[in-house]
Amino acid sequence: MSTSSFKDKPIQLKLRRVVMLTCGVVLVLTCTAYFTYELISFRQAAKTQVSMVGQIIASNSTAALAFDNSDDAKEILSSLKGQKNIVSACLYDKRGNIFSIYPDSVSRKRFPPAPSYIGYHFSGADLEGFQPVIQGDDQLGTLYIKSDMSATYKRLALYVVIGLFFAALSFIIAFW
């Protein structure tokens with residue numbers, strides 16, 4: 001059995017292979033661009049949402065920290081129950097000691113020992129950050145929030161599966 005080279009193939013077969021290769025490259029590039037955009041926009045939207053929640057909780061926590069009232073701080077942090085993606089949070093006092101935690105079942109050891117920076121960043125499958133608690137010009141403490149991003153990544157994985165299905169379907173249609 002002899003193997004023939006590409007140049008010995010009929011022109012119809014050559015054109016089909018070139019068209020299939022072109023369609024495949026275009027589909028891969030388009031899907032990659034789409035998934036990259038979705039990942040970036042999902043992460044940015046999550047960061048914005050958690051940041052807004054952090055600003056609200058920090059703003060509501062000023063009196064609890066100013067008057068050293070841990071019961072009020074616990075009540076304010078418990079309002080995070082409405083945010084299903086927020087898995088833990090804590091308030092640090094002015095000296096950087098943990099003042100109050102959410103939820104009560106979480107060990108204090110699972111929180112950073114002290115606030116280390118201001119802002120939000122992604123850490124593995126989580127989004128976490130520190131928000132200053134400010135009253136006037138005085139920083140009364142710091143809020144730490146940790147958000148689970150697994151639901152977002154599951155939705156993105158579903159987009160990948162749907163995209164791959166339609167890319168394969170498009171590839172098959174182009175072949176015919």
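The values are calculated or read from the model by the stated rules, or taken from the named source; none is laboratory data. Just so we're clear, the structure is a prediction, and the values are computed from it rather than from any experiment. Using ideal geometry, Cβ is built from the backbone for each residue, glycine included, and neighbour counts are taken over all protein chains shown. Heavy atoms of the whole protein, side chains included, go into the accessibility calculation; ligands, DNA and RNA do not. Shrake-Rupley method; radii C 1.70, N 1.55, O 1.52, S 1.80 Å.
Tabulated values for the structure
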item: Crossing angle, helix 150-175 versus the chain [Cα axis fit, 0-90 degrees, rounded to tens]; result: 10 degrees
item: Charge sum, other residues only, whose C-beta stays under 11 Å from TYR120's C-beta, Lys/Arg counted +1 and Asp/Glu -1; result: +1
item: Degrees, to the nearest 10: 11-60 long Cα axis against longest axis of the chain; result: 10 degrees
item: Dipole of the chain, positive end: most advanced residue of ALA167, SER100, ILE145 [Cβ charges, Cα centre]; result: ALA167
item: Lysine pairs meeting the criterion (Cα under 19 Å, 8 or more apart or interchain), as found in the range 72-157; result: 9
item: Order by protection proxy (mean Cβ within 10 Å, highest first), peptides 115-127, 140-152; result: 140-152, 115-127
item: Full-stretch length increase - MET52, ASP72 - with 0.36 nm per residue and alpha-carbon distance subtracted; result: 5.2 nm
item: Amide H partners (placed H, <5 Å) of SER100, local residues excluded; result: LEU91
item: ALA174-LYS109 pseudo-label distance in nm [points 7 Å out on the Cα-to-Cβ vector]; result: 5.5 nm
item: Solvent-accessible heavy-atom area per residue, rounded to whole Å², over the chain at 1.4 Å; result: 64 Å²
item: Percent carbon-and-sulfur accessible area, the chain, ignoring ligands, DNA and RNA, probe 1.4 Å; result: 61 percent
